[in-house]
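What follows is calculated from the coordinates using simple rules that are stated; it is not laboratory data. Treat the numbers as computed from the prediction; the structure is a model and nothing was measured. Cβ sites come from the backbone with ideal geometry, for glycine too, and all protein chains shown count toward neighbours.
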Amino acid sequence: MNEDVQRSTRLGGTSEKPRIALLTHGLECGGGVPAVARWLRSNLLATGRYSVDVCDLATSRHDPASRRVSAARSWCRPSLMREDAMPDHLHWGANAVELEFMRYRPRRELTRFLNRYDLIQVVAGTPAWANVASDSRPPTIIQAATTVARERESILACQGPLIGLWRRAMTAMTTAIEQRALRAADAVLVENREMLKHVRAHSSAPAFLAQPGVDTDRFRPNPEGWDPGRYLLSVCRLGEPRKGLVRMIRSYAVLRSLRPGAPELVLAGRGPVHASLHSTIAGSGLRDSVHVMPDVPAEALPDLYRDASVFLQASYEEGLGLSLLEAMASGLPVVATETAGSRELVVNGETGWLVGTSSDGDIAECFADMTGDVLDRTGRAFAASARRRSVEYFSSAATVHRFVAVYEDLLSADYAR
């Protein structure tokens, strides 16, 4: 048995069921993409129709499985597959990983591995990651939330001149890779209508709106009912400027000035906390009212949502917003900035309020007003509507069939050949 077969067998590659390679990135970093990847794998396995293995791609210049320009000894590495990966996935490094565009290039070793599957499902933040599978034979489906240019728009706007020039160049290069990956895909699944329009303009592949779901049994409302006295909550990657946490703190300061007895604010999530967040909290005089909870484990999230009153999201950009789904399933009314993703989830005036993304100053005032309205008047009705909407449209049962339908079409067409 050769090396490729041994690896495929290790992850269930000998199953008689159609074999799906789920290609994703950042599993060990947390955030929306790995959460969607794990949700999809779990629900596909629950159908009993597929064998699903996860391949996690390198995202960091310091990735230990990669060959690095800055570490000559790493070029002697015989394999880019990390043998000590977690049991439910394999981690794959890249060549010259410090250069962003190299993370999107195919690797011959990984291509041989992917060729042992019947279907490749890419779950990524942007379509560029699908280029890794461009030399592979099985049909490839991309599931992506946004474009790299849209994802980085708010980040690039606040970069210094030198680092900004470098990152704009990398973004332009990644955009070209992204468009090539879209043209090569056999199908593209998107999370919002804005992305659907973009894909249809840049690819002839079939494109579908197929949003991931949420486990509505795991994320449930507080059995004691909705209570405006509980804390306000936001859950996101705490180190990402595009999540808008600085302007959330400013809007919370406005709320506290109008309502000194307003509930405390909890900012929870994964990753390092951006330095500007702590300085903004200190400068606003809110140290005793704002609580930052980094690296919250996944198993703690359901209780965190259940014990809150209102979910806040101040993002500059969201392809969908999995934390919004989890909050709605937990019976929380929502106040969120209007993004491509939040427009898909939140029914304005029914499950929460959407705040138009104008100037940060205007958003602070509007955010405070809308949060006060939820606490005083609309919260209980919004909470019930949010739960109903999440169950009806975004539960796992209501969403996974959209993925399965695309798989069956591609698999039947592939087997017919």
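Things to note:
- The stretch 267-341 and the stretch 190-242 have Cα centres lying 13 Å from one another.
- Taking amide hydrogens as placed 1.01 Å from N in the peptide plane, the amide H of His25 sits under 5 Å from those of Leu57, each at least 5 positions away in sequence or on another chain.
- Relative contact order of the chain, pairs being alpha-carbon contacts under 8 Å that are 6 or more residues apart, as %: 13 percent
- Cut-off under 5 Å, modelled amide H: who pairs with Gly269 long-range: Cys236, Met293, Asp295, Val296
- Largest mean-square fluctuation among Pro221, Pro212, Pro294, in a Gaussian network model of the chain whose springs join Cα atoms under 10 Å apart, belongs to Pro294.
- Charge dipole (Cα centre; +1 on Lys/Arg Cβ, -1 on Asp/Glu Cβ; no other charges) of the chain amounts to roughly 1020 debye.
- With contributions of -39500 (n - 2.57) from each DSSP H run of at least four residues, the per-residue ellipticity at 222 nm computed over the chain stands at -12500 deg cm²/dmol.
- Table column - 3J(HN,Hα) (Hz), the stretch 342-350, Karplus curve with 6.51, -1.76, 1.60, x for Gly and Pro: 5, 5, 6, 9, 9, 8, 4, x, 10
- Using θ = phi - 60° in the Karplus curve 6.51 cos²θ - 1.76 cosθ + 1.60, the 3J(HN,Hα) couplings for the stretch 322-330 round to 4, 5, 4, 4, 5, 5, 5, 4, 7 Hz; x is entered for Gly and Pro.
- Proximity of backbone amide H atoms, modeled 1.01 Å from N, is registered between Gly244 and Tyr316 at under 5 Å, excluding neighbours fewer than 5 places apart on the same chain.
- Ordering 254-264, 176-186, 59-69, 140-150 by mean Cβ neighbour count within 10 Å, with the highest value first, yields 140-150, 176-186, 59-69, 254-264.
- ³J(HN,Hα), Karplus 6.51/-1.76/1.60, whole Hz, each residue of the stretch 210-219, x for Gly, Pro: 9, 7, x, x, 9, 6, 6, 7, 6, 9
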